[in-house]
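Notes follow the structure.
The values are calculated or read from the model by the stated rules, or taken from the named source; none is laboratory data. Values in this document were obtained by computation on a predicted structure and should not be read as measured data. Neighbour counts run over all protein chains shown; Cβ positions are idealised from the backbone, glycine included.
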Amino acid sequence: MNTQTAMIVGAAALLALSATSSAADEAAKSPAAGRQCFWTRNADGFAAADNHTLNIRVGVRDVFQFEMFGPCQDIDWNQRIALISRSGSMICTGMDATVISHSQIGPQRCAVRSVRKLTPEEIAALPRRAKP
């Protein structure tokens, strides 16, 4: 009897977790929410034209552009960076994100002012150096 109760409680928790997960996925895709979000685990690459602007490839066709508060040293020369989300694992706004750039003096935390999803036309217009 106790095993059966534990299985029922576990199944209910699993259903609630999957409902929450799919609701969060829908919120990330929903234009009605008024914002475009992405999961940090889906970031596939990056490129920076300068030390203030960072373009992150998410999935196959999406690119998000990060505008930094100030210069992020060596970000335009780095081979690797880290994205830190302050609100779990999803980035929707600049306040959600911190970029860690590896410089000659060690890791540097770069505050992000804004995040926006680029349109296909904006992605096509990016200079080659700035395309992730």
Give Ala32, Ala49 a once-over and let me know the one that is loosely packed, with under 13 Cβ neighbours inside 10 Å, over 14 Å from the mean Cα position of the chain (by Cα) and modelled with pLDDT under 90. Ala32
List the strands (runs of 3 or more DSSP E) that sit entirely inside region 64-132 and contain at least 2 residues that are within 13 Å of Asp50 (Cα to Cα). none
Residues to consider are Ile100, Ile105; find the one that is within 16 Å of Gly70 (Cα to Cα), in the same structural domain as Asp76 (by TED's automatic domain parsing) and either among the hydrophobic types (A, V, I, L, M, F, W, C) or more than 13 Å from the chain's Cα centre (by Cα) (or both). Ile100
Which of the following residues is out of contact with any Phe, Trp or Tyr (no Cβ under 9 Å at 6 or more places or on another chain) and buried (at least 16 other Cβ atoms within 10 Å of the Cβ): Ile105, Ile91, Ile100? Ile100
